[in-house]
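Derivation of every value follows stated rules applied to the coordinates shown; laboratory data play no part. Only a predicted model underlies this, so the values are computations on that prediction, with no experimental measurement involved. We place every Cβ from the backbone using ideal geometry, glycine too, and count neighbours over all the protein chains shown.
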Amino acid sequence: MIWLLAIQLAIGPTQHYENAKQDFAQRKFSEAASEVNAALHENPYMVPALVLKARLATFAQRLDVAKSCLITAITVDPTSEEAQFYLGVLFYMQNDFVSAISPLQAAQKLSPNNSLPVFYLAMTREALGDKTKALELYQQAENLSPQKSLQSAEIAVAYGRFLLSLGRTQDGIEKERRAIEIDPKSRDAHYELAMGLDHEGDFKNAAIEGELALTLPEAKASDAEIHYLLISVYRKLHKPDLAKEHLEKFLAATKTAHE
C-alpha cells in the first residue's frame, strides 16, 4: 500500500486528469471516474477535473453530483466557460429553463465564437415560449457553427424542427435537408423531414424518410413516434396494410416503453 501511495503522489493531479480525459474520450467511464477522483483527491479545487467529474456524473444520471461539482468549479473560477456551459445544460436537461439562462449567457460571453452556448440558449428560449428570441439565437448558432460538422447538423435539425413548429414548412424542410447532407445517418433529421413533407402533402417521400429513420440508431425521435407518423402517412397513401403494420409496431413500442 505504501508503494502504491508513493506512485500516486509521484503521478500528481494533472497526470490523473489527463488520464481521465483519455479514458473519457475512449468511453472508458469507470476508468475515467477513478482517475478524476484521484486528481480531485490531491486537488479538490481543480476546475477541469470538477467539470469532467460532472460530465461523468451526468452520464451516470447522478445529476446531484454533477450540479455540486459544477457549482464548486464556478465558485473557484467564474471565468470557466466549460463549467458555466455544462451547468446551463444540466439545468436545461432538468427542464429548469429559467435557471439555465444565466450560466448559458455567461458561457456565451466568455466564448462568443462558440456556437454551443447560443444553441442551448435557443432551445431554452424556445422551451420558455420566447419564439422571437429563439429564432434569433438559432440563426446565430447556425452562423457560428463549424461548417459541415456534426455540430452544425445537430443545430440544423433543431432549427428546422422549430421552423416547422412556426408553420414555416419550406424553411424547416430546407434545414433538415442540410442536416442530412452533412450527416446522412441522422435519425432525427430524417424524421423531421418526414414530418415536414407530410405537412406539405408529399406523402410518398414522407414515407420514404420515415422508413429510413427507423433503420438508423435511436436518437430523440423514438420508434413509437416514427411508427405513429407512418400510420398517418400510409393511410393518406391508401395503403391500409402498411398502416396496420405500423399501428401494431406502434402499440408494441409504447407497451415496451411503459413496462
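Here's the picture: a label point sits 7 Å out from the Cα of F59 along the beta-carbon direction, and within the range 184-202 nothing has its amide nitrogen under 18 Å of it. For the range 14-166, averaging the sequence separation of C-alpha pairs within contact (under 8 Å, six or more residues apart) and dividing by the residue count gives a relative contact order of 12 percent. For the chain, the longest principal axis of the alpha carbon atoms and the long axis of helix 81-93 meet at an angle near 50°.
Between the residues F24, L63, Y234, the greatest Cα displacement towards the positive end of the dipole of the chain, with unit charges on the Cβ of Lys, Arg, Asp and Glu, is found for Y234. Sorting 30-38, 206-214 by their mean Cβ neighbour count within 10 Å, with the most densely packed peptide first, gives 206-214, 30-38. Dipole check for the range 1-139: with +1 at the C-beta of Lys and Arg, -1 at the C-beta of Asp and Glu, and the Cα centre as origin, the magnitude is about 220 Debye. For the chain, the relative contact order comes to 7 percent (Cα pairs under 8 Å, sequence separation of at least 6). In this structure, the residue pairs whose Cα-Cα separation is over 29 Å, taken from K185/K255; K28/K109; K185/K239, are K28/K109.
Computed over Cα pairs, the Kirkwood radius of the range 36-171 leads via Stokes-Einstein (1.306 mPa s, 10 °C) to a diffusion coefficient of 102 µm² per second. The charge dipole of the chain, taken about its Cα centre with unit charges on the Cβ of Lys, Arg, Asp and Glu (plus for the first two, minus for the last two), comes to roughly 160 debye. Farthest toward the positive end of the dipole of the chain, out of A33, A83, A141, is the Cα of A141, where the dipole comes from beta carbon charges about the Cα centre. For the chain, the longest principal axis of the C-alpha atoms and the axis of helix 240-258 are separated by about 30°.
Ordering G196, A158, T72 by Cα displacement along the dipole of the chain toward the positive end leaves G196 in first place; charges were set at the Cβ atoms of Lys, Arg (+1) and Asp, Glu (-1). The aspartates and glutamates whose alpha-carbon is closer than 18 Å to the alpha-carbon of K249, local same-chain residues fewer than 8 away aside, are E209, E211, E218, D223, E225, D241, E259. Note on the range 145-259: with charges restricted to the Cβ of Lys and Arg (+1) and Asp and Glu (-1), its dipole about the Cα centre is near 120 debye.
Between helix 131-144 and the chain there is an angle of about 70 degrees, using the helix long axis and the longest principal axis of the Cα atoms.
Under the definition of Cα pairs under 8 Å and six or more residues apart, what whole-number percent is the relative contact order of the range 145-259? Computed value for the range 145-259: 17 percent relative contact order.
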